[in-house]
């Protein structure tokens, strides 16, 4: 949701709630009990604040060590046995040392899409960060200027809505286990069977119930898996709020001249804070650098995306177009009327840890945007600044590096619904771009004052 917008209606697969009273279904990941909260809303902040209050309450518990549920979630998160060939865990695509996203420099430098448990099978998008994702509310929309503005959910396209379990992150966590392009297990029963035969089966039954390994209880046990992973992702081990910027906010560090200039530009001429909001929570919680909305930034296709060459799963080949949120909404009866106006829109990611990488590897290579098209922060900031000021490249499959050399940008993968109000021709100087990059580098957790 953009700065200054007002929500006038709320809807979750049912009648909207008129006026200023919003009912948000969230969940306590500490014990799995659903909680309902009723809040008054005039601006965008409260819609996330209720979730944030719960989120930071959990963090307080985790600060002195992981709870049993969080520890179970961590054990599941790093368990390579929970894949068809016992060779892939959640952490393979969401590594702590790389900001809870893909850690392999060679992959990030290319298609940025990670290979699954079965050799030769790849997904179609770059792994999003698992950190700072749990405050995202259940997918819903508000009416903004007679248009539906969607907020929340998980995955780049929002398809993990959170409606069933009350937590988008919990529903997201269950997806990769059964995805044939990822961990590729055949059923929820297979996942539970492997956990119950593993080294932490006692912790599993302690958290999820004495009968969690009973085949008759697979459904409930599988839900408990998702809720436990989400609990870990909500813990202070994952969401540390320990960056230089956090230290700056707490009066424990000073920003350099370039970083301070970058922060000022971030809030003003660069328009970054319109979506990557700097607002603190209702009780002073640190900013999350996302408003959990969706946007089409006009990102080009990544010509190195391996999904183009997977005919068994992508018969369209190189003509395949990623419609993002719109593609998902088209499959939902209550939301299909909004599909076309949301084609090409992807989840606004947090910018926390956007520059974090494993320095022990010696080679830095990260990827940015939903398809990993950009390889450096400078590239993506330059794109935001000059997308509409440069001519179109001759080929839609021009890499970012070649595009910058040629002084052009490829056409957007999805040319409709492109955000032209907040980016595209920002008139930033090269030095101002560098300043914004300098500020973004202050958002990595692990800073030591």
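If R0 is taken as 30 Å, the Cβ-Cβ distance between residue 282 and residue 211 corresponds to a FRET efficiency of 0.15. Tell me, how many Å apart are the Cα centres for the range 323-340 and for the range 266-290? Their Cα centres are 28 Å away from one another.
When the Cα atoms of the range 111-222 are aligned to their principal axes, the ranges along those axes come out at 53, 35, 23 Å in descending order.
A convex hull fitted to the Cα coordinates of the range 201-330 yields 244 cubic angstrom per residue. With semi-axes defined as the square roots of five times the eigenvalues of the C-alpha gyration tensor, the equivalent ellipsoid of the range 290-449 measures 27, 19, 18 Å, largest first.
Rounded to the nearest 500, the 222 nm mean residue ellipticity of the chain from helices alone is -8000 deg cm²/dmol, with -39,500 (n - 2.57) taken per DSSP H run of at least 4 residues.
For the chain, compute the orientation-averaged projected area of the C-alpha convex hull (one quarter of its surface), in nm².
Across all orientations, the chain yields a mean hull projection of 20.9 nm².
The gain in end-to-end length when the residue 143 to residue 309 segment is fully stretched comes to 55.8 nm, 0.36 nm per residue minus the alpha carbon separation. Here the range 142-192 yields Rg over Rh of 1.15, to two decimals, using C-alpha coordinates and the Kirkwood radius. A crude spin-label estimate for the pair residue 264 and residue 249, with each label 7 Å from Cα along the Cβ direction, gives 2.2 nm. Each eigenvalue of the Cα gyration tensor of the range 181-230, multiplied by 5 and square-rooted, gives one semi-axis; in descending order these are 17, 12, 11 Å.
Values in this text are rule-based calculations from the coordinates and carry no lab data. Predicted model only: the values in this text are computed from it and were never measured. Here Cβ is always computed from backbone atoms with ideal geometry, including for glycine, and neighbour counts include all displayed protein chains.
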